[in-house]
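Please treat every number below as a calculation from the coordinates, not as lab data. Just so it is clear, the structure is predicted and the values come from calculations on it, not from any experiment.
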Amino acid sequence: MARDGYIVPADPQASLKKKTAVSRSWILLDCTGEGTILDVDKYAIMHRVQIHARDLRILDPLLSYPSTILGREKAIVLNLEHIKAIITAEEVLLRDPHDDNVIPIVEELKRRLPPVNACNIQGDGRENRSGHNDVEVSEEDESPFEFRALEVALEAICSFLGARTTELETDAYPALDELTSKISSRNLDRVRKLKSAMTRLTARVQKVRDELEQLLDDDDDMADLYLSRKLATASSPVSGSGAPNWLPASPTIGSKISRASRASFATIRGDENDVEELEMLLEAYFMQIDGILNKLTTLREYIDDTEDYINIQLDNHRNQLIQLELFLSSGTVCLSIYSLVAGIFGMNIPYTWNDDHGYVFKWVVILTGIACACLFVLIVSYARYKGLVGS
């Protein structure tokens, strides 16, 4: 269709080239793992996956939106850090496929999206009906397409945040140990930057954790993510309605309904409100994110302990300076008294009682010095008794 834009085959080598800043660039991956690069506008994307503009705005790289997982009628809108994707029951649309952080996700989707016996229809139209293969992969076929894509995204974001946390720990712990051994402006500035990076990373991890926790707490939100179940229900003869209007836009529509029905048959058996499969999937990655958050919390506590230790050291140095100042002040007072007495007796003033008694001045000076020394000891003892200086 003309309004869907110009579609070109995905070139695996193009992803290794320098990333181009094209905000309209998407990659479409179908159930066979085949990818095509789409250079389309937002209206074509909205028409293809049947979502509103406000949902697509969440995926705009120019806007800053927190991590979000939204379940819509025919799509899952996924915004997890650099992973901005739209997942339907049969295909995945991933934004900015040339981004260095997105390239590994594209490769992983190509590897893990195609089930062994649900999407192995070859170009000659023949399908492998080997009973042995069906037995081996029957467990894998029960997982709907959207859950496999969602699992790849959650695994990628957990690995990404875990790697960032490990890098931060590798830099932070030696810097904190160095700061405790030597307090300097360089070490303080280094720890300040690491603490800022830890605060930002903690906020990002916390948002992903909160989003997963919110999904786990609401069964209705989790039920909205069962796209294959909705597609199979809508296309079943019981529903009395055919395929949705948007499905013919897909190149593999001829086999989509049957494959979606097989993929979700085990999911819809008996209970349409059963969300146990998705709950186990989300809980697994919730535990990983929670573990990453615990590592950051431990790092924050270590930083806080280091700050307390530094403050104690600074208080101790401050007390030592106060102690030194007290000693100097006490010595200055005593020396002033000694100088005052010596100055009085050293003045050229005639004293009648000083005639033929020159030894008096000598003893007065000696006794004054002894008295000043005793006064200094008394002041220091009183300061120690009151806890003003260390013993």
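Across the range 279-290, computed HN-Hα scalar couplings (Karplus, 6.51 cos²θ - 1.76 cosθ + 1.60, θ = phi - 60°) run 5, 5, 5, 5, 5, 4, 7, 5, 5, 5, 5, 5 Hz from first to last residue, x flagging Gly and Pro.
Computed from phi, the 3J(HN,Hα) profile of the range 58-72 under the Karplus parametrisation 6.51, -1.76, 1.60 (θ = phi - 60°) reads 4, 8, 6, x, 7, 10, 9, 10, x, 4, 9, 10, 10, x, 10 Hz, with x in place of Gly and Pro.
Scalar couplings 3J(HN,Hα) for the range 374-385, obtained by applying the Karplus form with A = 6.51, B = -1.76, C = 1.60 to θ = phi - 60°, are 5, 5, 5, 5, 5, 5, 5, 5, 5, 5, 5, 4 Hz; x denotes Gly and Pro.
Of the cross-linked pairs 84/230; 42/195; 110/193; 74/110; 110/207, those separated by over 31 Å at the C-alpha level are 42/195; 110/193.
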